[in-house]
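**Student:** My questions all concern the structure below.
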Amino acid sequence: MTSTIAVVGTGYVGLTTGACFSKLGHDVICADIVPEKIDSLKRGEIPIHEAGLEEIVREGIDSGKLTFVLGAENAVSNADFVYLCVPTPQGADGSADLTYLQAAARQISAKLQPGTIVVNKSTVPVGSTHLVERALGRSDIPVVSNPEFLREGTAVDDFLNPDRVVIGSDDQAAAGRVAALYLGVRAPIMVTDPASAETCKYAANAFLATKLSFTNAIAAVCEAVGADVNDVLLGMGYDHRIGHEFLRPGPGWGGSCFPKDAKAIISIAEDAGYDFSLMRGVVAVNEEQFERIVRKVESVADIDGATVAMLGLAFKAGTDDVRESPSLEIARRLIAKGATVCGYDPAVKSLNMEGLEVVDDAYAACEGAVALVVATEWDDFKWLDLDKIGDSMAARNVVDARNLLDRGALRRRGFTYQGVGRS
Ligand code: UDX
């Protein structure tokens, strides 16, 4: 059955949600408060780097199933469902800032037809479904939680082929109607209460962040005892209770979700009277990981007044997103110690950070550098001409924070090589 869906907020989550619902056959109107963004979206130009998204946005526009409008109040009056996909940034105390969410709810309230279902897709603290109900101030509008589990870079595929769909509501009929929106999707759909759905999102991200910090901690142990982390993780991952996914050591985790959600769940727990010390440890291990990479650079080169090359600026490969990027966190620390960082990323073309110069070629980034840091796992970096890099560097030092390069090939060419968790 085709429904009319309004999506408030055309950021990463909103645009993916809107475009994918139109792909599933629904009529979708996406709203945003930024006029230039709406203008370019109407032309089918999307502001983010996301595999397959531009194609389905254009398909939606051409078929008339996807439209864009300025202002949430102009999108919702004929909607059967309104998806709230506005940002919930981290507030000063680590908790999520819900100003945008409340403002959006207030803005649309008077325009909604009775029976329209408002759905929270933004990651929100436990209790926010009720907070939106209060901001709407309408007893005839059910509010449902339907958290997203989208990974950047594979968001379209994650939406259309999810591991699960989680719906939280005290109103079973409303939950059933939201579940019906996903009829074209083959995945378990679970309905629970709002607090459980909201907690599920945080718990999933907190667990993944824990797995990553654990992996990086095991890498540190491997370095100390002379073990090879790749083999250790392979041996662990064959145990199907553990699995191979999310066991890649790296420079620390980042992005728009993990750091914010990890801190938020600590703060949610604290407010509820539970000291989530495990999670505080997970965050602390991540901070240490940035520092461990910096120390590896310092162990081979005097960086004060020198240039350090950085390959990869995005928080992971496949995206141009630099929010909470470990690369930038490491760059910032190197710059604070007197280095100039020359960075290259296949998807990030400019950045505003004092001491960091962004160039448009990997070889240019390495020129005159005393050390090269591989910070993002872009495949392109595997195939670089190592002789050409070595010839242009001031000293042949590589710190490979993603265990991406061929360490034998580098060492044969006289480079020092340090990976993560292996010698
Ligand atoms: C994440 C969750 O995966 C997603 O379910 C949630 O809804 C939003 O947050 P995303 O932010 O796109 O998605 O990033 P993800 O692919 O999970 O990676 C997060 C960070 O962990 C990145 O910095 C990445 O480089 C790092 N990472 C990931 C590792 O260091 N090793 C790994 O094995 C996997």
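**Student:** Output the pairs from 349/382; 211/316; 23/121; 65/201 with a Cα-Cα distance over 22 Å in this structure; if there are none, say none.
**Tutor:** Those over the limit are 65/201.
**Student:** I need to check one value: relative contact order of the stretch 1-90, counting alpha carbon pairs closer than 8 Å and at least 6 residues apart, in percent.
**Tutor:** Relative contact order comes out at 43 percent.
**Student:** While we're on this one: Which whole number of Å³ per residue matches the convex hull of the alpha-carbon atoms in the stretch 1-119?
**Tutor:** 108
**Student:** Quantify, in whole percent, the carbon and sulfur part of the accessible surface of the chain (1.4 Å probe; protein heavy atoms only).
**Tutor:** Taking all protein chains in place, the chain shows 52 percent carbon and sulfur surface.
**Student:** Full extension from residue 291 to residue 367: what is 0.36 nm times the residue separation minus their Cα-Cα distance, to one decimal in nm?
**Tutor:** 24.9 nm
**Student:** Moving on. Hey, what's the chain come to in accessible area per residue, 1.4 Å probe, Å²?
**Tutor:** With all protein chains present, the chain gives 43 Å² per residue.
**Student:** In addition: I'd like to compare 18-27, 71-80: which one has the highest average count of other Cβ atoms within 10 Å, and what's the full order after that?
**Tutor:** Taking the mean over residues of other Cβ atoms within 10 Å, the ranking is 18-27, 71-80.
**Student:** Bin width 10 Å, origin at 0, all Cα-Cα pairs of the stretch 150-265: what percent of pairs per bin?
**Tutor:** 12, 32, 33, 16, 6, 1
**Student:** For the stretch 28-186, what does the alpha-carbon gyration tensor say about shape, rounded, prolate or oblate, given a ≥ b ≥ c as the root eigenvalues, a/c under 1.5 as rounded, and a/b over b/c as prolate?
**Tutor:** rounded
**Student:** Report the Stokes-Einstein translational diffusion coefficient (µm² s⁻¹, integer) for the chain, Rh taken as the Kirkwood radius over Cα pairs, at 10 °C with viscosity 1.306 mPa s.
**Tutor:** 69
**Student:** Also, I was wondering about something else. Give the separation of the Cα centroids, the stretch 63-108 to the stretch 283-320, in Å.
**Tutor:** Between the Cα centre of the stretch 63-108 and that of the stretch 283-320, the gap is 36 Å.
**Student:** A further question follows. Spin-label point model (7 Å from Cα, Cβ direction): what's the residue 383 to residue 423 distance in nm?
**Tutor:** With each label point 7 Å from Cα toward Cβ, the separation is 3.4 nm.
**Student:** Hey, could you get me the Stokes-Einstein D for the stretch 193-423, Kirkwood radius over alpha-carbon pairs, 37 °C and 0.692 mPa s, rounded to whole µm² s⁻¹?
**Tutor:** So the translational diffusion coefficient is about 179 µm²/s.
**Student:** If I model a spin label at residue 186 and residue 51 as a point 7 Å from the Cα along the Cα→Cβ vector, what separation in nanometres do I get?
**Tutor:** Between residue 186 and residue 51, the label points sit 1.9 nm apart.
**Student:** Moving on. Please list, ordered by chain and number, the residues whose modelled amide H lies under 5 Å from the amide H of residue 165; skip anything fewer than 5 residues away on the same chain.
**Tutor:** Placed amide hydrogens put 189, 190 under 5 Å from residue 165.
**Student:** I need the calculated FRET efficiency for the pair residue 138 and residue 277, taking r as the beta carbon distance and R₀ as 41 Å, to the nearest 0.05.
**Tutor:** Efficiency for this residue pair is about 0.50.
**Student:** Next question. In whole Hz and in residue order, list the ³J(HN,Hα) couplings for the stretch 303-320 that follow from phi through the Karplus curve 6.51 cos²θ - 1.76 cosθ + 1.60, θ = phi - 60°; x for Gly and Pro.
**Tutor:** 8, 5, x, 9, 9, 10, 8, 10, 9, x, 10, 5, 6, 7, 6, x, 9, 9
**Student:** Still on this structure, please answer the following. In square nanometres, what is one fourth of the surface area of the convex hull spanned by the alpha carbons of the stretch 322-410?
**Tutor:** Projected over every direction and averaged, the Cα hull of the stretch 322-410 covers 5.5 nm².
**Student:** Moving on. Tell me, how many Å apart are the Cα centres for the stretch 323-372 and for the stretch 375-402?
**Tutor:** One Cα centre to the other: 13 Å.
**Student:** Another question, if that's okay. Where the centroid of each part is defined by its Cα atoms, how far is the stretch 114-141 from the stretch 1-54 in Å?
**Tutor:** If we compute the Cα centre of each part, the gap is 21 Å.
**Student:** Calculate, in nm to one decimal, what residue 416 and residue 224 gain on full extension: separation in residues at 0.36 nm each, minus their alpha carbon distance.
**Tutor:** Between residue 416 and residue 224, full extension yields an extra 67.3 nm.
**Student:** Here's a follow-up. For the stretch 241-308, run through the trypsin sites (Lys or Arg not before Pro) and keep only the ones in DSSP coil with at most 14 other Cβ atoms within 10 Å of their Cβ.
**Tutor:** Sites meeting the loop and neighbour criteria: 241.
**Student:** Return the long-range amide H neighbours of residue 30 (sequence gap of 5 or more, or a different chain), with a cut-off of under 5 Å between placed amide H atoms.
**Tutor:** The list, which skips near neighbours in sequence, is 7, 67, 68, 69.
The values are calculated or read from the model by the stated rules, or taken from the named source; none is laboratory data. This is a predicted model, so every value here is computed, not measured. Glycine also receives a Cβ, built like all others from the backbone with ideal geometry; neighbour counts cover every protein chain displayed. The protein model used for the area step is the full one, side chains on, heavy atoms only, and it has no ligands, DNA or RNA in it. Shrake-Rupley method; radii C 1.70, N 1.55, O 1.52, S 1.80 Å.
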